[in-house]
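Taking it in order: structure first as structure tokens, then the write-up.
Since every read-out is calculated from the coordinates, none of them should be taken as a lab result. Just so we're clear, the structure is a prediction, and the values are computed from it rather than from any experiment. For neighbour counting, all protein chains shown are included, and Cβ atoms are generated from backbone atoms with ideal geometry for every residue, glycine included.
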Amino acid sequence: MRSRTKTTEKLSPGPKREKRAKRKAGKRERFKSVTGRRERTKDFLRSLCFLSPSFLGVCLFFIVPFVVVVKYAVTDSSAADAVFVGIDNFKKLMANAAFKLAAKNTLTFSALAVPLSVVLAIVLALMLESRIPMKSAFRSFFLSPMMVPVASIVLIWQVLFNFNGSFNVLIEATGGKAIDWLNSDYAQLVVILLFLWKNLGYNMILFMSGLHNIPKELLEYADVEGASEWYKFWAIKLRYLSPTVLFVTILSLINSFKIFREVYLLAGNYPYQGLYTLQHFMNNMFNSLDYQKLSAAAIIMALVMIVLIALLFIIENWFGKDVEG
Amino acid sequence: MKKKRIRKKQKYFSRGVMFLICAIFAVLFLAPTVLTITNSFMTESEINSNYGMVFSTTTGGYVSEHVNLKFIPDKVTFSQYITGLVRSPEYLMKFWNSVILTVPIVFLQVAVASVAAYSFTRWRGKIRSGIFFFYVILMLMPYQVTLVPNYLVAERLGILNTRWSIILPGMFAPFSVFLLTKYMRRIPYALIEAAKIDGCGEWQTFTKICLPQCRAALCSIAILVFIDYWNMVEQPLVLLNDAEMQPLSVYLSTINSGEIGLAFAMATVYMFPSLLIFLAGENYLMEGITHSGSIKG
């Protein structure tokens, strides 16, 4: 069933026409199930009944307070009743050294960790797709870190990367100079390793399912034509993987913003400054109850996320358009 | 003929190389977990002699001895577990905190989400697809964005510093709504139609047709949600001031240097439920991940 729908999707005439067809089908569906206006309103109410628990909760915990967040972000804190100050809070935040450091660190981390995790996950997926023995065992091995709570693993990470830790023993044994991993510019590297360890398996599974969905005939045809593995990868596999690449990139991006968890458990609330993440900044703001800065920071983050994701969607559309068409 | 044989040889060779690389990766991926587990069976003195340097000296201090990473303990002992679980109840308390935060979230979130997903599957209008799109956006927002609204609401409702401040927002997290909707949309429409013709009401269609159809999906989503919340650090740090209520994930990092052996044991205890779930539900998990694979579909 699933494979059939997939192929029809692939063979469909084009995104626009497809969309129109879908809309038509949707209309037909609705008309089929519901006749008459009274029935229709009844139906609408029923659908509301089903949706309401979730939607009310989302409203209560996310949407309504977010309006308050916006209000905080554009009003003054010191005044008893709120005075509209426009983008003053944002300006203040942008001038804040701690915020700048946190934003810089988080962005560099994401810029390094996300591409790495995408590329390495593709490599792992490709390796597991080629017929090697013990494939499913490897798959579980790679996925297992995802199930291990970070808190449980931090001890070992400390043993490995402490100044007196195993890696330095290894380095000194080979004649190098010991590095204070967690308190130097290498700290980001340590956290990137932890990030990769945790997330590669998940991304790999996503890519494996992406590879699985590539029409086999296409690859066979390429084989007959004498295409090299390399060419097959660039011209066929990557094209078909592009939606997965998009998704994995977004996922990794979100996860890279969650890196605070690892950093906090490794280095506490006040880590080396190269590890000071946005969440550290937010936590400090929560502690000092600085709603204005918090709100402004949250809004900036939301905007950055939306812009980044929109950008990724645009790139993916451009890159994968001749596959769908 | 000869050429073919050479090609075959090459193929085997490249496969061997790949196998080797995979094996190396597998060792790297498994090592931290295995090390934590095996080290939890070491005696306190062995742990201290192996890792004492790491946890006792402050950084940059004089280095007299190096750590000694060991996979297999000299003498297997359960004493760490006994101290952690029987003698000092605080760890057990923290573990219980983790359980009482995570389990309700998993069940409530899946319950709320399955109803909402049914609504998104069964009726599709402009408003509803708009709402669905909004859910997707919300799902993609990092904690730095969502925690601030959560905090404000918790404060207003007076549930700050209680477990509800984590459980309630967790209950309505849009992630599982998204995933379940994608599953449910695969159910053939004719099935729902047939149920209607046979006189099923909406609720009956939901419980008798839709839910059984996506039992696997429910399992895999429950697993994913469980991992996410079992692992949580950000929410309790912000929403729970009280150290008594912190889950074990946060508490583990505050263990002092004198109790490293104990920390290893507790870390193992902490990863035990999730590893168990992994072993039991790996296929569900795999399927869940696979189906989360595209935002657009």
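Some notes on this structure:
- Axis of helix B:126-139 versus longest Cα principal axis of chain B: the two differ by about 0°, to the nearest ten degrees.
- Across A:Lys293/B:Lys94; A:Lys216/B:Lys11; A:Lys135/B:Lys9, pairs whose alpha-carbon gap is larger than 25 Å: A:Lys293/B:Lys94
- Counting Lys and Arg as +1 and Asp and Glu as -1 over every other residue whose Cβ lies under 13 Å from the Cβ of A:Phe195, the net charge comes to +2.
- Between 0 and 90°, nearest 10: helix B:89-122 axis offset from chain B longest Cα axis: 20
- Scanning chain A for long hydrophobic helices, with DSSP H runs required to stretch 18 angstrom or more by C-alpha along their axis and to average at least 1.0 on the Kyte-Doolittle scale, returns A:97-129, A:187-212, A:238-257, A:291-319.
- Mean sequence separation of contacting Cα pairs (under 8 Å, at least six apart), scaled by the length of chain B, corresponds to a relative contact order of 27 percent.
- Amide H to amide H distances under 5 Å link A:Thr75 with A:Val85, where only residues 5 or more positions off or on other chains count and H is placed in the peptide plane.
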